[in-house]
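Below: one structure, written as structure tokens.
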Amino acid sequence: MADAKLTGISRKETLQYLGWLGSPIPDELEDEISRCESRILETARPRAVWRLFDLLPDGSLAGTQFRPDGQDVPALLKDCSQVILMAVTLGSETERLLRTAQARSMGEAVILDAAAGAAVENVCDNLCRDLEAQFSPRFLTDRFSPGYGDFPFSQQRAFFDLLDITRRIGVSLTDSGLMLPQKSVTALMGLADTPQEHRHRGCASCRLFETCSFRKEGKHCGAV
């Protein structure tokens, strides 16, 4: 397993997951958001796993039968010779907290869910920074998750098989493709010898923001 660190929760990202559009936030709501963020920080037990693969000319990963479908991932990896597959979760403890809140107060549950979404982003960001330092002076691309762009959501299964995710960090994959605990992310990144262009991060800046099925369900793809 990799070193998984939750070092903070971005208020901006919590608000984005809540669908905040920039209007003033009442003090009472600010206090509730702060309380929910604190509960996520106290409860989360983040875990992570990753693995490095050579990228073959046909776009597949060496030693596997996995080749990401679509056009977006090959474009992302055009300058890369290697690919990192990663998986991150906040853990079953956070899942239980969210389920308990749903039974008690949907208002609280919505805020906790948003804060947890921002928290798992922080864990992903920290892992990416650690990998960037480890592989310096080489360069990482953005991370890209199944279900984002034209990267088929069905290829999520390959991540579970190649990273042994269920055994190593305790995340399972349902027949419908849902990860449990739900505050979990899989993604890939390319490793290149030249600097890579990075997008602005966060759901609000994503080109799929208005139509994203993940966001409508209170989830996220982990790609931004």
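The values are calculated or read from the model by the stated rules, or taken from the named source; none is laboratory data. Nothing here was measured: the structure is a model prediction, and the numbers come from that model. In this analysis, Cβ positions are derived from the backbone assuming ideal geometry, glycine residues included, and neighbour counts consider all displayed protein chains. Protein only, heavy atoms only, side chains kept; ligands, DNA and RNA dropped before computing areas. Shrake-Rupley method; radii C 1.70, N 1.55, O 1.52, S 1.80 Å.
Looking only at residues that are of a type in the set (Val, Ile, Thr) and under 20 Å from the mean Cα position of the chain (by Cα) in region 39-71, which one is farthest from THR14 (Cα to Cα)?
If we filter region 39-71 for residues that are of a type in the set (Val, Ile, Thr), which is where we start, we get 40, 43, 49, 64.
Next, only the ones that are under 20 Å from the mean Cα position of the chain (by Cα) stay: 40, 43, 49.
On the way: ILE40: 12, THR43: 17, VAL49: 25 Å.
The residue in question is VAL49.
Give me a count of the residues in region 80-96 that are open to solvent by 60 Å² or more (accessible area, probe 1.4 Å) and over 20 Å from LEU173 (Cα atoms). Give the steps one after another, and end with the answer.
So the first thing to find is which residues in region 80-96 are open to solvent by 60 Å² or more (accessible area, probe 1.4 Å), and the list is 96.
Then drop every residue that is not over 20 Å from LEU173 (Cα atoms), which leaves none.
Count: 0.
From (1) more than 29 Å from ASP69 (Cβ to Cβ); (2) within 13 Å of the chain's Cα centre (by Cα), pick out the condition that doesn't hold for VAL123.
Of (1) more than 29 Å from ASP69 (Cβ to Cβ); (2) within 13 Å of the chain's Cα centre (by Cα), only one is false for VAL123: (1).
Working carefully through the options ARG99, ARG129, find the one that is in a helix (DSSP H, G or I), under 15 Å from the mean Cα position of the chain (by Cα), without any contact (Cβ under 8 Å) to a residue 12 or more places away in the chain and surrounded by fewer than 18 Cβ atoms within 10 Å (Cβ to Cβ). Before the answer, list the steps.
Values: ARG99 fails: under 15 Å from the mean Cα position of the chain (by Cα).
Answer to the check: ARG129.
Of everything in region 159-197 that's of a type in the set (Gly, Ala, Ser) and closer than 28 Å to ARG99 by Cα, which residue is most open to solvent (accessible area, probe 1.4 Å)?
Keep residues of region 159-197 that are of a type in the set (Gly, Ala, Ser), which gives 170, 172, 176-177, 184, 187, 190, 192.
Narrowing further to those that are closer than 28 Å to ARG99 by Cα: 170, 172, 176-177, 184, 187.
Details: GLY170: 48, SER172: 47, SER176: 96, GLY177: 13, SER184: 8, ALA187: 0 Å².
Going through the qualifying residues, I end up with SER176.
Taking the residues in region 1-33 that are within 22 Å of the chain's Cα centre (by Cα) and part of a helix (DSSP H, G or I) as candidates, determine which candidate is nearest to GLU121 (Cα to Cα).
Of region 1-33, the ones within 22 Å of the chain's Cα centre (by Cα) are 1-20, 33.
Those left that are additionally part of a helix (DSSP H, G or I): 11-17, 33.
Details: ARG11: 12, LYS12: 12, GLU13: 9, THR14: 10, LEU15: 13, GLN16: 12, TYR17: 11, ILE33: 17 Å.
Of everything passing the filter in region 1-33, GLU13 is nearest to GLU121 (Cα to Cα).
Does region 50-79 hold any residues that are open to solvent by 20 Å² or more (accessible area, probe 1.4 Å) and either touching a residue at least 40 places away in the same chain (Cβ under 8 Å) or closer than 20 Å to MET179 by Cα (or both), and which are they? Can you show your working first?
Step one: list which residues in region 50-79 are open to solvent by 20 Å² or more (accessible area, probe 1.4 Å), which gives 50-52, 54-59, 62-65, 67, 69-72, 74-76, 78-79.
Scanning region 50-79 gives TRP50, ARG51, LEU52, LEU55, THR64, ASP69, GLY70, GLN71, ASP72, LEU76, ASP79.
Scan region 15-38 and give yes if some residue there is under 17 Å from MET189 (Cα atoms) and free of Cβ contacts under 8 Å to residues at least 24 places away in the same chain, otherwise no. Before you say what the answer is, go through the steps one by one.
Looking only at region 15-38, we keep the residues that are under 17 Å from MET189 (Cα atoms), and these are none.
Within region 15-38, none of the residues are under 17 Å from MET189 (Cα atoms) and free of Cβ contacts under 8 Å to residues at least 24 places away in the same chain.
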